[in-house]
1. As an exercise: evaluate Pro61 against (1) within 15 Å of ligand 1 (Cβ to nearest atom); (2) exposed (fewer than 14 other Cβ atoms within 10 Å of the Cβ); (3) of a type outside the set (Lys, Arg); (4) over 30 Å from Asp163 (Cα atoms) and give the number of the one condition it does not meet.
2. Among Ala21, Ala87, Ala93, Ala50, which is the only one that is crowded, with 20+ Cβ neighbours inside 10 Å, more than 17 Å from Pro140 (Cα to Cα) and either basic (Lys, Arg) or at pLDDT 95 or above (or both)?
3. Is it true that some residue in segment 122-130 is touching a helix residue (DSSP H, G or I) at 6+ places or on another chain (Cβ under 8 Å), more than 12 Å from ligand 2 (Cβ to nearest atom) and not in a loop (DSSP other than H, G, I, E, B)?
4. Just checking, does segment 17-33 include any residue being within 16 Å of ligand 2 (Cβ to nearest atom) and in a loop (DSSP other than H, G, I, E, B)?
5. Do we find a residue being over 22 Å from Glu2 (Cβ atoms), touching a strand residue (DSSP E or B) at 6+ places or on another chain (Cβ under 8 Å) and either in contact (Cβ under 8 Å) with a residue 12 or more places away in the chain or within 13 Å of ligand 1 (Cβ to nearest atom) (or both) anywhere in segment 41-49?
6. Considering each of Phe313, Phe326 in turn, give the residue that is crowded, with 19+ Cβ neighbours inside 10 Å, farther than 26 Å from Thr202 by Cβ and either of a type in the set (Phe, Trp, Tyr) or under 21 Å from the mean Cα position of the chain (by Cα) (or both).
7. Would you check which residues across segment 64-100 are away from ligand 1 (no atom under 12 Å from the Cβ), in a loop (DSSP other than H, G, I, E, B) and under 21 Å from Arg207 (Cα atoms) and list them?
8. What residue, among those in segment 157-215 that are more than 14 Å from Pro34 (Cα to Cα), hydroxyl-bearing (Ser, Thr, Tyr) and in a loop (DSSP other than H, G, I, E, B), is farthest from ligand 2 (Cβ to nearest atom)?
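The values are calculated or read from the model by the stated rules, or taken from the named source; none is laboratory data. In this text the structure is predicted, and so the values were computed from the model without any measurement. Here the Cβ positions follow ideal geometry from the backbone for every residue, glycine too, while neighbour counts run over all protein chains shown.
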Amino acid sequence: METIVYKLDSTQIDLSIIKKAAEVIKDGGLVAFPTETVYGIGANALDIKAIKNIFIAKGRPSDNPLIVHISDKEDVYKYVKNVGEKAQKLMKAFWPGPLTLIFEKNELIPKAITGGLNTVAIRMPDNLIARELIRTSELPIAAPSANVSGKPSPTLAKHVIQDLKGKVNVIIDGGSSNIGLESTVIDVSTNKPLILRPGGITEEMIREVIGEVEMDPSLFKESTEELAPRSPGMKYRHYAPNAVLTIVEGSIDRVIEKINELTKEEGNKGKKVGVIATTQTKHKYICDNTLVIGDENKPQEIAANLFKVLREFDELDVDIIYSQVFSKENIGIATMNRLLKAAGYKIVSI
Ligand code: TXA
Ligand code: MG
């Protein structure tokens, strides 16, 4: 399949291009587009054949449900059975934005989207290109992250081209996704809201709006039979670079010492090593392939760069990556959740 790449400036959107992309969605095709979190691969959420093509293009397991994207808050009432008071408060506070809400679905939403579940995930993105595309297509758009299943999510059109060129009809290049991690997912289908995936809207922000909220206890541990995540997608190996990633945890001076030791050891065995550092620690690592993820006091910056840095290691073709731990302040919880998954939960504690 030929993939057309369009470049768009989000401050001055060329509506004729949006119209062309919306036609592709209406015709049952696939359009990758930018959002404020990560790029998505979109199709008409009401067209089962188009949805199946998303799963094929990504190589995604069919039991992993997709998020339905809307351009108007009120559209949520078209697709779900009940919007409770807490859900309404969250929509008012955080839509448009990086928050996905899970509701009991109605009969309009095909089970192909929900992986057979009776619930559906809905999000109203903040990115204007995304919203214009949804609005112009006059359809809800099902869109998972626009990466091949298992790879780090794309934060630049370049990443989408690497993974999906030849597999989608259109890629809209709208620059870099400023948040860089996928949306926070909250299940509001019961009285007890539960965070299934941490993201840009943090637990504290949610608590301020609706009071008590719980975090799925499986989020920071490898899933087992007893501790299966409530969000089907969270059980799969994810966000993984080609190299084996190991996290080293402890007091920062000892961590740097240990990573330098491991760098030497593995280098002597002929392995190409990479290290993820902060602005503050970069000069302390001896590794030639040390990449800076951001300032240790700026959790947003670290979050925004994580997936990009993981993909840069693929380009550098390293065999092994070591990473220190980052602050869990603010969006840092989400960063550490993704880093742990990317590492397959391999942590060395010293
Ligand atoms: O920021 C985002 O959410 C991006 C952009 C493109 O909007 N999309 C995204 O989609 O991250 P995806 O498909 O990569 O992740 C969707 C997550 C998965 O972990 C999936 O299992 C979960 O949401 N999910 C979807 N529907 C669900 C449901 N009914 N119940 C529980 N989890 C659900
Ligand atoms: Mg994804």
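1. Only one criterion is unmet by Pro61, namely (4).
2. From the options Ala21, Ala87, Ala93, Ala50, the qualifying one is Ala87.
3. Checking segment 122-130: at least one residue is touching a helix residue (DSSP H, G or I) at 6+ places or on another chain (Cβ under 8 Å), more than 12 Å from ligand 2 (Cβ to nearest atom) and not in a loop (DSSP other than H, G, I, E, B).
4. Within segment 17-33, one or more residues are within 16 Å of ligand 2 (Cβ to nearest atom) and in a loop (DSSP other than H, G, I, E, B).
5. yes
6. That would be Phe313, the only listed residue that is crowded, with 19+ Cβ neighbours inside 10 Å, farther than 26 Å from Thr202 by Cβ and either of a type in the set (Phe, Trp, Tyr) or under 21 Å from the mean Cα position of the chain (by Cα) (or both).
7. Selection gives Val83, Gly84, Trp95.
8. Going through the qualifying residues, I end up with Thr190.
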